[in-house]
1. Stokes-Einstein D for the chain at 37 °C, 0.692 mPa s, Kirkwood Rh over Cα pairs, in µm²/s?
2. Stretch A164-N51 to full length: gain in nm at 0.36 nm per residue minus the Cα-Cα span?
3. Report relative contact order for the chain in percent, whole number only (criteria: Cα-Cα under 8 Å, sequence separation at least 6).
4. With n ≥ 4 as the cut-off for DSSP H runs, can you work out [θ] at 222 nm for the chain, using -39500 (n - 2.57) per run divided by the number of residues, rounded to the nearest 500?
5. Assuming 0.36 nm per residue, please report the length gained on full extension of the stretch V10 to L126 beyond their Cα-Cα distance.
6. How much length is gained on full extension from K20 to R189, taking 0.36 nm per residue of separation minus their Cα-Cα distance?
Amino acid sequence: MQGDLDLAVVAPLVAPGDTKLGGRAAVDLRGSGRARDPGAMALEGRAKLSNVSVESPARPKKIKQIEGDLSFSPARAAVSGLSARAGESSFTLDGTVARPLALLAKPESVPPAEVDFTLRSPHLDLAELLPRGPGVPLMPNARGGGRVAIARLKNGKLDVANVAANVRLSPAVLEVPDFGLDGYGGAVRGTARFDLRDAARPVYAIHAKV
C-alpha cells in the first residue's frame, strides 16, 4: 500500500461505523503472512501521520493533533515522536514493538507483541482519554515494559504532580515495580499490580509509603 491517504475518506473501510477519522497518513507499506494470525504478519516500510483526529461516542473527548513517524521492518515496528491531544491533555510516545499486529489480537489467541516504550506528558487527565461507561480498561496483547513521566496527572478527585513510574506488561496484567508522585503537600513512593485476567473480578494491589 502506497500513497497519501485522506483518513476521512478511508474511515468507513478501517474504523467502526460510529468513529470519525480526520487528517492524513503518508504510507509506504508492504506485508506478508497469514491473515488469521496477525502476530505472524511481517510488515516493511514507513507511515507518517499528520494532524490525525479520532472522534467516537465511546470517548469523552476528541483525540486530535496526532502526529508521528512509524517505521516497520520484518522484526519490529518503531514509533518516533507520536504525539496527541484530547481536551487539556497531551502526551508523546516513543517505542518499539515486535509483531505489532498482535497488539490487536485477543489475549492468548496469539503470542503477545513485545513492547518497549517511553511515555511523557505535561498534563494528563484520564477522564479526557478513557472510554465512557462501566468496566475495567482493556489491556493490549503485549509483553514488555516502559517508562512513564507525567508532570501533572488527574483522575477524578486525584490531582498529583511529578509522576514517574517503571511499568511491566504481560497479557491482562500491569505491574509497576516502582512509582513516585507528589501531591497534597507530600510525596508517595511504592509499587503496584493490576490483574485484569478476570474482567468481572479485577485484582488490584498497591503498596506505598506516604
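1. Details: Rh = 18.6 Å.
Taking Rh from Cα pairs, D becomes 176 µm²/s.
2. This chain segment gains 37.8 nm when fully extended.
3. Details: 562 pairs, mean separation 24.2, N = 210.
About 12 percent, as a whole number.
4. It comes out at -1000 deg cm²/dmol, rounded to the nearest 500.
5. Result: 38.9 nm gained on full extension.
6. Length difference between fully extended and current span is 56.8 nm.
FYI, it's all coordinate maths here, none of it is from the lab. Bear in mind that the values here come from a model prediction, so they are computed numbers and not experimental data.
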